[in-house]
Each structure stands twice: as structure tokens, then as C-alpha cells.
1. Out of A37, A171, A152, any idea which swings most in a Gaussian network model of the chain, alpha carbons joined below 10 Å?
2. Each residue of the range 9-20 in turn: what ³J(HN,Hα) in whole Hz from Karplus with 6.51, -1.76, 1.60 and θ = phi - 60°, glycine and Pro shown as x?
3. Divide, for the chain, the radius of gyration over alpha carbons by 2.2 N^0.38 Å, where N is the residue count.
4. Which of K10/K241; K10/K62; K10/K184; K79/K138; K10/K170; K79/K196 have a Cα-Cα distance over 29 Å?
5. What list of ³J(HN,Hα) couplings, whole Hz, do you get for the range 39-47 from phi and the Karplus terms 6.51, -1.76, 1.60, once you set θ to phi - 60° and write x for glycine and proline?
6. Sort 203-210, 183-190, 231-238 by packing, meaning the average of other beta carbons within 10 Å per residue, with the highest value first.
7. Enumerate the aspartates and glutamates that K240 could reach by cross-link, defined here as Cα to Cα under 13 Å, with residues fewer than 8 away along the same chain left out.
8. Looking at the range 99-226, I'd like the Rg to Rh ratio, where Rg is from alpha-carbon atoms and Rh is Kirkwood's inverse mean 1/r.
Amino acid sequence: MDVAVIASRKERARVWFETLRDEICEVFEGLEASLPAGAPLADWAPGRFLRTPWSRTDHSGKPGGGGEMSIMKGRVFEKVGVHVSTVFGDLAPEFRGEIPGAQSDPQFWASGISLIAHPHNPHVPAVHMNTRFVITTKSWFGGGADLTPVLAHRRRQSDPDAIAFHAAMKAACDAHAAVAPYDKYKSWCDEYFYLKHRNEMRGIGGIFYDYLDSGDWETDFAFTRDVGRAFRSIYPELVKKNFTLPWTDREREEQLVRRGRYVEFNLLYDRGTIFGLRTGGNVESILSSLPPVVKWP
């Protein structure tokens, strides 16, 4: 492919992920500020994001890009991270066989956004979203979004939050049906975010896709942007629907135990965690997906 085309695509993807980061951070800070008087923790100060840049070297010690962590701890969000990174270099020899297109040439480039939110209020679901663009001798988009209610009676497909979240993800897919079959991506999410050792789903699902290279880069990129936009739109609505509800000690305990499932999945199965750690990514950024307080019974 023409070098100029590749450079343009890299720049457009990087700018989009950083723009989406800025938009989501603004919306989330707005949620912190808008918690009504009388709501749980409303007497706390609203949180603000703290941004921390980081850089990396590849396995040979050469400069390999980096990124920026954005972490907020406030009165709505016990912990939320919205991170972007753009990394490049040579993949370590033991990792090349696992990445499409890296077997014959170890050079790679990857840019993306990764978000995870752990709210204080057990009635507000935890959420995860990430999208990325990766280039080796091949190139593709991947990502998705999934919702994790932490209370058992809310962790059902019939719950209004689940219905609204699925509808938003379906709309993003349906707008690009030629490259984004909703049923496939929904099933892929259910299969991916599954704790095999516990024989249970992590949450209520969403969509997941990877290795998206339909031959129409513009459409693939447009779909990836719409996944981010759909998330930016629907999740704040779910937060506002629930963040004034009071909670009990029992519900807080249930939340902390359920967070343990999040830890188990991210450390045992998550591709993003594994890829980041094995390509010399920022450890603090990668592991910021873990909740600040958690229990195992």
C-alpha cells in the first residue's frame, strides 16, 4: 500500500481516538458536577481527570511511542480510566506468531482508546469500551463495548439498562451492516467476556469485534467511530438514571464481590491486557482497569 495512504490512516485514527478521549472525559466530568444535592456522596467534591503521559521502548530498547493515562476518582466514579496510546516498533520474537501479519515482518503500529469505569453506586453498572487500529503487514480495526451490572437482579437481559445498551450498540452496527453484523458481534462479545473457570458471563454483554478488514477502510473506520459515539451517548444516560439511588451495605458488599470477577477476567483472559504487557506498554495504565476496592468471599 502507498506509504502516504498508510501515514494518513495512522494520523486520522490517532486523532480520532484522542478526540473521543477528550469528549468522554468532558462528559464524565459533567456527570461528576451534575450529581444532585441529596444524592449519595453529593457532599463530596466533584472529581476531575488527572492526565499522565508515558513513553515506551520496544523489546530491543528502541523508542516505541507511548500514550496518556486519564484517571479520575470522584463522587460518581470510584475510579475511571480513559486512556489513549500510539505505539510501534518490533514485536518480541516469542509474540510474533500470535499477531496476524507479524510472522514475516515483526514491525507493528497500533493506536487506540481504552476505557473502564467503576462507579461508587452499586446501581450504576460498570462498563468497558475500547477501539483500536493495528498495522503489521496487515491492518485491521477491533474493539467493542460491554456492560457489567454488579447487582444480580440488574444483571439480566430484561433490565432496562441492558435493553438500552444493546439497542445503542445495535444501532452502531446496523448503520454499517455490510461490515458490522450485529448478531455476530453480540455473540462474539458473549463468548469473549466469559469466565470459563466460573461458567458465567462477566456482565450482560454488548459487542466485540476484531481483525476487521473488509477491504473498505473508510467504512471500517466509520463503524469504529460510531461504536465510540454510541458509547459516549448511552453510558452517561445510564449513569444519570441510577446515580441518585440509595444503596445498602449488602448491595455494596455484592458490588465488591462482583468486581472480583472483573479482576479475574482481566488478568486471566483479556487480550488487551496481555498485548499491552507483552509489548512493553505502561503497566499502570494497563492495570488501571482493575477496581480500587474488591472482595473475594
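1. Looking only at A37, A171, A152, the biggest GNM fluctuation is shown by A37.
2. Along the range 9-20, the couplings run 5, 4, 5, 5, 5, 4, 4, 5, 4, 6, 5, 4 Hz.
3. 0.99
4. On the way: K10/K241 37 Å; K10/K62 20 Å; K10/K184 27 Å; K79/K138 36 Å; K10/K170 27 Å; K79/K196 27 Å.
Beyond 29 Å: K10/K241; K79/K138.
5. Running phi through 6.51 cos²θ - 1.76 cosθ + 1.60 with θ = phi - 60° gives 6, x, 6, 5, 7, 7, 6, x, x Hz.
6. Going by the mean number of other Cβ atoms within 10 Å, highest first, we get 203-210, 231-238, 183-190.
7. E29, E32, D161
8. Details: Rg = 15.9 Å, Rh = 15.7 Å.
That ratio equals 1.01.
The values are calculated or read from the model by the stated rules, or taken from the named source; none is laboratory data. Since we're looking at a predicted model, the values are computed, not measured. We place every Cβ from the backbone using ideal geometry, glycine too, and count neighbours over all the protein chains shown. These area figures cover heavy atoms from the full protein model, side chains too; ligands, DNA and RNA do not enter into them. Shrake-Rupley method; radii C 1.70, N 1.55, O 1.52, S 1.80 Å.
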